[in-house]
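The values are calculated or read from the model by the stated rules, or taken from the named source; none is laboratory data. Note that the coordinates shown come from a computational prediction; the quantities given were computed from them, not determined experimentally. With ideal geometry, Cβ positions are generated from the backbone for all residues, glycine too; neighbour counts draw on all protein chains shown. Heads up: the accessible areas ignore ligands, DNA and RNA and are worked out on the full protein's heavy atoms, side chains in. Shrake-Rupley method; radii C 1.70, N 1.55, O 1.52, S 1.80 Å.
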Amino acid sequence: GENVEQHPSTLSVQEGDSAVIKCTYSDSASNYFPWYKQELGKRPQLIIDIRSNVGEKKDQRIAVTLNKTAKHFSLHITETQPEDSAVYFCAAHKGGTGGFKTIFGAGTRLFVKA
Amino acid sequence: DAGITQSPRYKITETGRQVTLMCHQTWSHSYMFWYRQDLGHGLRLIYYSAAADITDKGEVPDGYVVSRSKTENFPLTLESATRSQTSVYFCASRDLRAQETQYFGPGTRLLVL
């Protein structure tokens, strides 16, 4: 069935370094790719998203890249800070007439060491 | 985020009991969703609703029932709770016209003994 694979499951970086989380999706009809950040005991919150007609999007220290051919998208966090420590989820969404589906990756636990 | 609330926030029940989790949103969003979150599985969609009186199954619907008589409410019922339904349940909503961003409620932590 359709799925989203997310790697790594755990990532530990030093404060100031960059962090990269990668996701691969299986459904070529997916057209929207959000990234959520979930702090311990809190709800998931959208941090950045990208549509299938865009290859890259950046918002301050966070960027997302999308390779539709490879069905692969990545989250890049630069100059990491301790408050970036959280679980990050990617998702692949398809919608429109005929159906709706959002599949989430299993999550990446990011530790930023001060 | 205060526009979408869930109750109760914590619930302990026993196997075989019926449990209803409530979700309420004040944005008049068309779409509402129920997810469960378990370690190693991320978020899995249980049911969703495109509008009042329109619901559809997600990835893991077995053992759950939903209804949506009003746009703002989307209750999730476990008709006969099982231990495997111990999880954190998140409700979410999104607007029909806006981008596909989903806004999540604070979650309900359910323990089935």
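Within segment B:100-112, residues that are open to solvent by 30 Å² or more (accessible area, probe 1.4 Å) and at pLDDT 90 or above sit with their Cβ atoms under 6 Å from residues that are of a type in the set (S, T, N, Q) and not in a strand (DSSP E or B), at 6+ positions apart or across chains, in these pairs: B:L111/B:T86. Please indicate, with yes or no, whether at least one residue in segment B:97-112 is closer than 24 Å to A:Q6 by Cα, within 11 Å of the chain's Cα centre (by Cα) and assigned to a strand (DSSP E or B). Yes, segment B:97-112 has at least one match. Checking the stated criteria, A:K113 turns out not to satisfy the condition of being in contact (Cβ under 8 Å) with a residue 60 or more places away in the chain, open to solvent by 50 Å² or more (accessible area, probe 1.4 Å) and either among the acidic types (D, E) or within 11 Å of chain B (Cβ to nearest Cβ) (or both).
Among the residues of segment A:55-80, those that are in a strand (DSSP E or B) and among the β-branched types (V, I, T) comprise A:I62, A:V64, A:T65, A:I77.
A single member of B:T20, B:T15, B:T5 is in a strand (DSSP E or B), more than 14 Å from chain A (Cβ to nearest Cβ) and at pLDDT 95 or above, and it is B:T20.
Selection of segment A:28-61 for residues being open to solvent by 40 Å² or more (accessible area, probe 1.4 Å), in contact (Cβ under 8 Å) with a residue 12 or more places away in the chain and within 10 Å of chain B (Cβ to nearest Cβ) yields A:N31, A:L46, A:R51.
Being within 12 Å of another protein chain (Cβ to nearest Cβ) and over 26 Å from A:S9 (Cβ atoms): is that true of B:Y10 here? The answer is yes for B:Y10. For segment B:36-87, the tally of residues that are part of a loop (DSSP other than H, G, I, E, B), open to solvent by less than 70 Å² (accessible area, probe 1.4 Å) and of a type in the set (A, V, I, L, M, F, W, C) stands at 4.
Name the single residue that is surrounded by the fewest Cβ atoms within 10 Å (Cβ to Cβ) among those in segment A:70-105 being hydroxyl-bearing (S, T, Y) and at pLDDT below 95.
Let us first name the residues in segment A:70-105 that are hydroxyl-bearing (S, T, Y), namely A:74, A:78, A:80, A:85, A:88, A:97, A:102.
Those still in the list that are at pLDDT below 95 too: A:97, A:102.
On the way: A:T97: 5, A:T102: 24.
If we take residues in segment A:70-105 being hydroxyl-bearing (S, T, Y) and at pLDDT below 95, then A:T97 is surrounded by the fewest Cβ atoms within 10 Å (Cβ to Cβ).
Have a look at A:T69, A:T78, A:T24 and point out the one that is over 15 Å from the mean Cα position of the chain (by Cα) and more than 13 Å from chain B (Cβ to nearest Cβ).
Just one listed residue meets the conditions, A:T69.
Inspection of segment A:2-17 finds a residue satisfying the criterion of being farther than 21 Å from A:V112 by Cβ, open to solvent by 70 Å² or more (accessible area, probe 1.4 Å), within 13 Å of another protein chain (Cβ to nearest Cβ) and not in a strand (DSSP E or B).
Only one of the listed residues (B:G105, B:G58, B:G42) is under 14 Å from B:H29 (Cα atoms), within 14 Å of chain A (Cβ to nearest Cβ) and touching a strand residue (DSSP E or B) at 6+ places or on another chain (Cβ under 8 Å). That residue is B:G105. When we screen B:F90, B:F33 for residues that are hydrophobic (A, V, I, L, M, F, W, C), closer than 18 Å to A:G95 by Cβ and surrounded by 19 or more Cβ atoms within 10 Å (Cβ to Cβ), the only hit is B:F33.
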